[in-house]
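The structure appears right after this line, and notes come after that.
The values are calculated or read from the model by the stated rules, or taken from the named source; none is laboratory data. Nothing here was measured: the structure is a model prediction, and the numbers come from that model. Don't worry about glycine lacking a Cβ; one is built from the backbone with ideal geometry, like all the others, and counts go over all protein chains shown. The accessibility values were calculated without ligands, DNA or RNA, using every heavy atom of the protein model including side chains. Shrake-Rupley method; radii C 1.70, N 1.55, O 1.52, S 1.80 Å.
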Amino acid sequence: MSDKRLTLHPFGIFMLREFQSEAMKAGFHYSISGTKVGNFSRGPLGHPGDGEYDSRPISKFDVHSKYTKKDLTVKIESVTEVGTSGFQLFQKKPLPSWNFQVNFVVPRSEMKSFFGIDDFNYAYFESLLDACG
């Protein structure tokens, strides 16, 4: 069995927070680019103890966020760079780049915990969510 792992940096949950209801409702996005801002890997490929993973670096990704009264919707999308195989035999043959998209939703009932907002500040955040109707 192989697992897929997406690593993006800089990326954090605070990029998904906004404190102006109009921007929350309209949606906002980030476009992150650099020499190496992430990696998409798949593996282990053979025996789990061998440490063989396919790897595709990422030099740019986009994050789109939008709030409603009920939830936060997030879409992360990118195209990887050409990658390398985790198998020694195939390391000289480049792996084709991949398009990928990750979507997730944070329900309103989970936002306090997701963002780590304390009780004192959450009432204000809820008023912003109410304005996203």
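Quick look at the values:
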item	result
Stretch in the chain that is longest and holds no trypsin sites (Lys or Arg not before Pro) that DSSP places in a loop and that have at most 15 other beta carbons within 10 Å	1-68
Area of TYR30 that stays accessible when all protein chains are in place (1.4 Å probe, Å², to 10)	80
Surface share of carbon and sulfur [accessible, 1.4 angstrom probe, percent] for the chain	54
Relative contact order, percent, the chain [alpha-carbon distance under 8 Å, six or more residues apart]	23
Shape category assigned to segment 50-125 from the gyration tensor of Cα positions, a/c cut at 1.5	prolate
Segment 1-121 - Kirkwood radius from inverse mean 1/r over Cα pairs (Å)	16.4
